[in-house]
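Enquirer: One structure, pasted below without further comment.
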2 protein chains.
Amino acid sequence: MIRTRLTDLFILTLPILSAPMAGAGGGALAAAVSRAGGLGFIGGGYGDPVWIEQQMTLAGDTPVGVGLISWKLADNPAVLDQVLAAKPAALFLSFGDPAEYVPAIRAAGVPLILQVQSLRDAQHAADLGADVIVAQGAEAGGHGESRATMTLVPEVADWLAGSGSGSEAVLVAAGGIADGRGLAASLMLGAEGAVMGTRLYASDESLAHDNMIAASVAASGDDSLRTSVPDMARRLRWPGRYSVRVLKNAFTRRWQGDMAGLADAIEVEAPRWVAAQAAGDTEVANTIVGEAAGLIRDRCPAAQIIQETADQAEALMARFGSQEET
Amino acid sequence: MIRTRLTDLFILTLPILSAPMAGAGGGALAAAVSRAGGLGFIGGGYGDPVWIEQQMTLAGDTPVGVGLISWKLADNPAVLDQVLAAKPAALFLSFGDPAEYVPAIRAAGVPLILQVQSLRDAQHAADLGADVIVAQGAEAGGHGESRATMTLVPEVADWLAGSGSGSEAVLVAAGGIADGRGLAASLMLGAEGAVMGTRLYASDESLAHDNMIAASVAASGDDSLRTSVPDMARRLRWPGRYSVRVLKNAFTRRWQGDMAGLADAIEVEAPRWVAAQAAGDTEVANTIVGEAAGLIRDRCPAAQIIQETADQAEALMARFGSQEET
C-alpha cells in the first residue's frame with residue numbers, strides 16, 4: 001500500500017500504471033495489472049477497432065484503460081468514440097496534439113491522461129485539463145523524444161506547483177522504471193506514481209513474440225538506441241520529432257546511418273521487416289523496449305512484477321527514512 | 001548528515017561531489033563544496049598546467065580533487081604527474097580509456113574516480129580498480145553519451161553487486177541532479193551519492209561568464225541539446241562517441257544540421273566562437289549546462305546549494321519513510 005494522489009484518483013492500492021504498449025499490452029496484461037493493485041492499459045496504438053474490442057472483452061469486468069496515439073487518430077476518429085462507448089477506466093493519449101479529442105473524452109466522463117516529453121507539452125496538457133500528466137523520458141522503450149525522466153519530472157512538478165499553472169493534474173513518471181528503485185526514485189522526483197512498460201513487456205501476459213521477450217531479458221541498456229529506422233521500415237508516418245527506442249540489431253546497424261538507402265530499398269525491406277516481426281526474427285524486426293531492459297532478469301507474471309516493485313519501493317523508502325532518525 | 005559508503009570513503013558529512021567542470025569549476029568553488037561537507041573538484045579539463053596549479057593554490061588547505069579528460073592526457077602526460085605531486089583528495093578521470101594512467105595514480109596513493117557512460121565502461125572501470133565509479137547519464141551538461149541516469153545507475157549497481165564483478169567500487173550518480181529530489185532519487189536507484197554540475201555552474205564561485213550563468217538560470221531543460229557543434233567550433237578533437245550538452249542558441253541552430261558547412265567555414269567560425277566565449281555572447285558561444293538548468297531559479301553560494309540539497313533529500317526520505325509506517 002503506497003498512497004498518493006494517483007492512487008486516490010483511481011482508487012488503487014499501488015501507484016503503478018502499465019504503459020499502453022502497442023503490440024504487447026492486451027486485455028489480459030491490463031487486467032492483471034489492475035487486479036494486482038495498479039491500473040492496466042490496453043495498447044490501442046494505431047487504432048485497430050476490432051483488436052481493441054477483442055482486448056477489452058478479454059479484460060472482462062476488471063477496470064482497465066486504453067491508450068491511443070494522438071496523431072494517428074486523425075485517420076480514423078471513430079475509434080475514439082468506440083473506445084469511449086466502452087467506458088474505459090481512463091483514456092491515455094500520447095504523441096501529437098490531443099486538443100481536438102479532449103471535448104469528446106470530457107463529454108464521456110472518462111479520465112484523461114496525457115503523456116508528454118517536454119515541459120512545453122506538459123504546459124499544453126495542463127491547459128487542456130488533463131487529469132493526469134505522464135512525463136516520459138527518452139530512456140523509455142518505444143516512441144519518445146530527448147528529455148530524461150530525471151529532470152523532466154521535477155521540472156514539470158515545479159511548474160504544476162507554481163501559481164501560473166492553474167492545474168490540479170496528477171504527475172506520473174515514465175521512462176526507465178522497471179523495479180522498486182525506479183518507483184521510489186519517481187516519488188522522490190515529485191511524481192505521484194510511475195508507468196511501467198519494458199518490465200511488463202517481459203511478463204507472462206505480454207503479447208510480444210517469445211523471441212522478442214527473450215531478447216529483452218538478455219539485453220543490457222547499452223544495447224538499445226533511439227532511431228527512426230523501424231518506423232520507416234513499417235511505413236508509419238511518424239512526426240519527425242519522435243523516434244522509437246528499440247534493441248539494436250543487424251537491421252538498425254545496416255540502416256541507422258543510411259535512411260536514404262532504406263527509403264530506396266523500401267519495397268524489399270518493408271515486407272521483410274513485417275514478416276520478421278510476425279516470425280520473431282530479432283535481427284530484422286526490432287524488439288521495442290527501453291534502457292530498463294538491462295534491469296530485467298526473467299519473464300514472470302505481471303502480478304508478481306507489480307507486487308515486487310511496490311514491495312521493493314516501500315522497503316527502500318522505509319530504510320532511508322528510518323536512517324534519517326539515527 | 002547522510003551517511004553512505006561515499007561519505008565513509010572520503011570522510012564527508014554529505015554524499016555530494018562537485019563535477020570537475022572545465023571553465024567553471026576552479027579552486028574557490030571546489031573548496032566551498034568541500035567546506036560545506038561534500039568533496040569539491042577542480043575542473044582540470046584539457047590540462048593547462050599553469051591554470052590547474054593556480055586553482056589548487058586558491059583551494060588552499062581545503063582538500064579538493066582534480067578532474068582531467070583521459071583522451072586529452074595523451075597530449076601532455078606530465079600534467080598528471082604535476083597534479084599527483086600536489087596530493088589531491090582524489091583524481092577524477094572522464095572520457096576515453098584511462099588504463100595507462102592508473103598505475104601512476106595508484107603509486108601516488110591518490111583515490112581514483114572513473115566516470116563512465118555505459119555498463120560496458122563501468123565494467124572496464126571496475127576491472128581497472130576504480131575506488132569510485134560515477135555513472136553519468138545523458139541529461140548531464142557538458143560531454144557525455146546516450147544512456148540515462150535513471151537506468152544506468154541501477155544497472156551498474158546490479159552488476160557491481162553480482163558475484164562476477166569482484167569490485168568494491170563505490171557507485172555515484174551524475175546527470176540531471178540539481179537538488180534534494182535528485183539526490184534522494186540517486187540513493188533510491190542504488191548510488192551512494194551524487195555529482196552536481198549544472199547547479200554549481202550557477203553558484204557565486206563559478207568561473208563561468210555572468211551572461212552564461214544568467215542564461216543557465218533562465219533556461220528550461222527543453223532548451224538544451226546534445227551536439228558536436230561547439231567541439232568543432234573550438235577545434236577540439238573529441239572522440240566521436242561523445243557529444244556535449246549545451247543550451248541551444250543561434251550558433252547551434254545554424255550548424256547542428258550542417259556540420260560539413262561548419263567545417264568549410266571553420267576559419268571564420270572558430271575564432272568567432274572563441275571570442276564570443278570570452279565576451280559572454282550566449283548566442284554564439286554555448287552555455288555548457290545540462291537539462292537540470294530547468295530546475296534552477298537563482299545564483300547563490302555553493303555552500304547554500306550543497307546544504308539545501310542535503311536538507312531537501314533528508315526531508316523527502318524522512319517523509320516517505322515515515323509514511324510507510326501508517
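Enquirer: If you find the alpha carbon centre of the stretch B:22-50 and of the stretch B:286-322, how far apart are they in angstrom?
Expert: Spelled out, the Cα-based centre of one part sits 19 Å from the other.
Enquirer: To check my understanding: the extent here is largest minus smallest coordinate of the Cα atoms along each principal axis. What are those three numbers for the stretch B:44-173, in Å, largest first?
Expert: Principal extents (Cα only, largest first): 41, 30, 29 Å.
Enquirer: Counting only Cβ atoms, what residue of chain B lies nearest to the axis that sends chain B onto chain A, and how many whole Å off?
Expert: Looking at chain B's Cβ atoms against the axis toward A, the nearest is B:G321, 0.
Enquirer: Below 8 Å between Cα atoms, with a sequence gap of 6+, how large is the relative contact order for chain B in percent?
Expert: The normalised contact order for chain B reaches 17 percent.
Enquirer: Right, another one. Semi-axes of the equivalent ellipsoid for the protein assembly as shown, please: Cα gyration tensor eigenvalues, times 5, square-rooted, ordered largest first, whole Å.
Expert: 40, 28, 23
Enquirer: Going by the alpha-carbon gyration tensor, a ≥ b ≥ c the square roots of its eigenvalues, is the stretch A:221-267 rounded (a/c under 1.5) or, if a/c is not under 1.5, prolate (a/b greater than b/c) versus oblate?
Expert: Verdict is oblate for the stretch A:221-267.
Enquirer: Where the centre of each part is set by its Cα atoms, how far does the stretch A:109-156 sit from the stretch B:164-195, in angstrom?
Expert: Cα centroid to Cα centroid, the span is 25 Å.
Enquirer: For chain B, with the dipole built from +1 on Lys and Arg beta-carbon atoms and -1 on Asp and Glu ones, taken about the Cα centre, which of B:G175, B:A28, B:N249 lies farthest toward the positive end?
Expert: Positive-end residue among those listed: B:N249.
Enquirer: So for the stretch A:1-135, averaging the separation of alpha carbon pairs under 8 Å that are six or more residues apart and normalising by length, what relative contact order in percent results?
Expert: 16
Enquirer: Also, I was wondering about something else. What nm distances, shortest first, do you get from the label point of B:R35 to those in the other copies when the point sits 7 angstrom along Cα to Cβ?
Expert: Counterpart label points of B:R35 in the remaining copies fall at 6.3 nm.
Enquirer: Express in nm, to one decimal, how much length is gained between B:E308 and B:A78 on full extension, taking 0.36 nm for each residue of separation and deducting their alpha carbon distance.
Expert: Gain on extension, B:E308 to B:A78, equals 78.9 nm.
Enquirer: In whole angstrom, how long is each semi-axis of the equivalent ellipsoid of chain B, when you take the square root of 5 times every eigenvalue of its Cα gyration tensor and sort them from largest down?
Expert: Rounded to whole Å, the semi-axes are 29, 23, 20.
Enquirer: Treat each spin label as a single point 7 Å out from the Cα along the C-beta direction, and report the B:D258 to B:W71 distance in nm.
Expert: 2.6
Enquirer: To test your reading of the geometry: what angle, between 0 and 90 degrees and rounded to tens, separates the Cα axis of helix B:149-161 from the longest principal axis of chain B?
Expert: 50
Enquirer: With the cut-off at 1.5 for a/c, could you classify the stretch B:203-308 from its C-alpha gyration tensor as rounded, prolate or oblate?
Expert: Judged from the Cα gyration tensor, the stretch B:203-308 comes out prolate (a/c at least 1.5, a/b above b/c).
Enquirer: Next question, about the same structure. What do you get for the angle between helix A:302-323 and the principal long axis of chain A? Use alpha-carbon atoms, 0 to 90 degrees, nearest ten.
Expert: For helix A:302-323, the angle is close to 50 degrees.
Enquirer: If you don't mind, another one. Report, in debye and to the nearest 20, how large the dipole of chain A comes out about its Cα centre when Lys and Arg carry +1 and Asp and Glu carry -1 on their Cβ.
Expert: With Lys and Arg at +1 and Asp and Glu at -1, about 240 debye.
Enquirer: If you line up the long axis of helix B:266-279 against the longest principal axis of chain B, both from Cα atoms, how many degrees apart are they, to the nearest 10?
Expert: 60
Enquirer: Using a Förster distance of 35 angstrom, determine the FRET efficiency expected from the C-beta separation of A:A99 and B:R272, and round it to 0.05.
Expert: The pair A:A99/B:R272 has a calculated efficiency of 0.25.
Enquirer: Considering Cα pairs under 8 angstrom that are at least six residues apart, work out the relative contact order of the stretch B:210-291 and quote it in whole percent.
Expert: It comes to 43 percent, rounded to a whole number.
Enquirer: Label-point separation (nm) for A:R106 and A:R120, each offset 7 Å from Cα along Cα-to-Cβ?
Expert: 2.4
Enquirer: Right, something else. Residues of A:135-142, mean number of Cβ from any other protein chain within 10 Å of their own Cβ, rounded to a whole number?
Expert: 3
Readers should treat all values here as calculations from the given coordinates under stated rules, not as data from a laboratory. Just so it is clear, the model here is predicted, and its values are computed rather than measured. Please note: Cβ atoms are built from the backbone with ideal geometry, for glycine as well, and neighbour counts cover all protein chains shown.
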